[in-house]
Amino acid sequence: MVDKKKHKVVFQLTSGDTLVHKAMVRQIGHLLEAAPNSKVEVVCHSAGLPFLVTNQTKQAEKIKELKNRGVEFYACENSMRDKNVKKSDLLPESGTVPSGIVEVVLKQEKGWSYIKAGF
Amino acid sequence: MVDKKKHKVVFQLTSGDTLVHKAMVRQIGHLLEAAPNSKVEVVCHSAGLPFLVTNQTKQAEKIKELKNRGVEFYACENSMRDKNVKKSDLLPESGTVPSGIVEVVLKQEKGWSYIKAGF
Amino acid sequence: MVDKKKHKVVFQLTSGDTLVHKAMVRQIGHLLEAAPNSKVEVVCHSAGLPFLVTNQTKQAEKIKELKNRGVEFYACENSMRDKNVKKSDLLPESGTVPSGIVEVVLKQEKGWSYIKAGF
């Protein structure tokens, strides 16, 4: 039974653990299967930034698939400066936000559900 | 001083760390002491599933106690499939939900507070 | 561009990992740069208690700075009992709350955004 509601969910990824990355991608897939109209955004900052860095992530293909299904991915510009990551180092599917933490707060203020990724 | 309000809190457990399990059980106990009318639900998925698996959990007794005080425990059916866990493998106190992540989102949409378990 | 809104954000710290402490302090700094009028509260319990213990934390100076910018820090009295930490063991910048978990729930009920610290 498919849930047609447009759930809005912001995932915060701050982990560099590739198993966390894999689990999160799987969870988003399950969410979109159950409720395909949902709006999902993934905010990556701190130790989670490599998830969106082309030569570091192991999830490039899954990210491309999810992006095609409407999921948005954002890297935090503060974290990029801290880690000396340039826009051109990110996957083409990744946008950026000035501050990852502010983005997660703004989404919650707009009524999005919050999921902290990680074990 | 006892808080009589019926707080509604959903805990998301995705960790397999038995110290996290122990800490979460203790936290729920503290919550129910401070506010005994609270409604608490624990959603276990991903690496957190073993918390509800009879021959894997170390918290069976505490889970029974908390269930008797009204706490609900749910295993994610997606995670059960991934890990080849059957309903009969779960503690008798455990229910199931089709998707752990969707359950956590639905609860937040209904105004429940969200606590991500783990360190 | 400065965001003048008074965002309200409760951070829950339950990790003893000093890298998590460092990352959280940095994130709060970034949040206050982007939105200086924000109200931020940090609730420390479980394994996160040492963050506020004078002879254990590595963030005393940063905590003092953030407190001067209006950030509130609270230790959980349940965790203090569990770990035999007295009020006099805490940083002077730290207040206490009867239950860390209840504090995080109460803040969410009042519309504060929730950030679970940690990787």
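The values are calculated or read from the model by the stated rules, or taken from the named source; none is laboratory data. It should be emphasised that the depicted structure is a prediction, and the values quoted were computed from it without experimental measurement. Glycine also receives a Cβ, built like all others from the backbone with ideal geometry; neighbour counts cover every protein chain displayed. For the accessible areas, the whole protein counts, side chains as well, though only heavy atoms, and no ligand, DNA or RNA atoms are used. Shrake-Rupley method; radii C 1.70, N 1.55, O 1.52, S 1.80 Å.
When A:M1 is tested against the conditions (1) among the aliphatic types (A, V, I, L, M); (2) free of Cβ contacts under 8 Å to residues at least 12 places away in the same chain; (3) in contact with a helix residue (DSSP H, G or I) (Cβ under 8 Å, 6 or more places away or on another chain), the lone failure is (3).
Of the conditions (1) within 14 Å of another protein chain (Cβ to nearest Cβ); (2) part of a helix (DSSP H, G or I), C:V42 fails just one. Which one is it? Of everything listed in (1) within 14 Å of another protein chain (Cβ to nearest Cβ); (2) part of a helix (DSSP H, G or I), C:V42 misses just condition (2).
How about segment B:17-43: which of its residues are open to solvent by 40 Å² or more (accessible area, probe 1.4 Å) and within 17 Å of A:G118 (Cα to Cα)? Those that are open to solvent by 40 Å² or more (accessible area, probe 1.4 Å) and within 17 Å of A:G118 (Cα to Cα): B:D17, B:T18, B:L19. If you go through segment C:10-41 and keep only what is more than 23 Å from A:D82 (Cα to Cα) and among the aliphatic types (A, V, I, L, M), you end up with just C:V10. Of the numbered criteria (1) open to solvent by 10 Å² or more (accessible area, probe 1.4 Å); (2) over 22 Å from C:A117 (Cβ atoms); (3) not aromatic (F, W, Y), the one A:I63 fails is (1).
Just for segment C:9-18: of the residues that are in a strand (DSSP E or B) and facing another protein chain (nearest Cβ under 9 Å), which one is nearest to A:Q108 (Cα to Cα)? Walk me through it before giving the result.
Filtering segment C:9-18 for residues in a strand (DSSP E or B) gives C:9-13.
Next, only the ones that are facing another protein chain (nearest Cβ under 9 Å) stay: C:9, C:12.
On the way: C:V9: 10, C:Q12: 16 Å.
The selected residue is C:V9.
Taking the listed residues A:S46, A:S79, the one that is surrounded by 15 or more Cβ atoms within 10 Å (Cβ to Cβ) and at positive phi is A:S46, with no other qualifying. Among the residues here, B:K87 qualifies as in contact with a Ser or Thr (Cβ under 7 Å, 6 or more places away or on another chain), more than 23 Å from C:K83 (Cα to Cα) and open to solvent by 60 Å² or more (accessible area, probe 1.4 Å). Within segment B:49-58, the set of residues being in contact with a Leu (Cβ under 9 Å, 6 or more places away or on another chain), open to solvent by 10 Å² or more (accessible area, probe 1.4 Å) and under 20 Å from B:K116 (Cα atoms) comprises B:T57 only. Of the residues B:G29, B:G70, the single one that is on the phi > 0 side of the Ramachandran plot and free of Cβ contacts under 8 Å to residues at least 60 places away in the same chain is B:G70.
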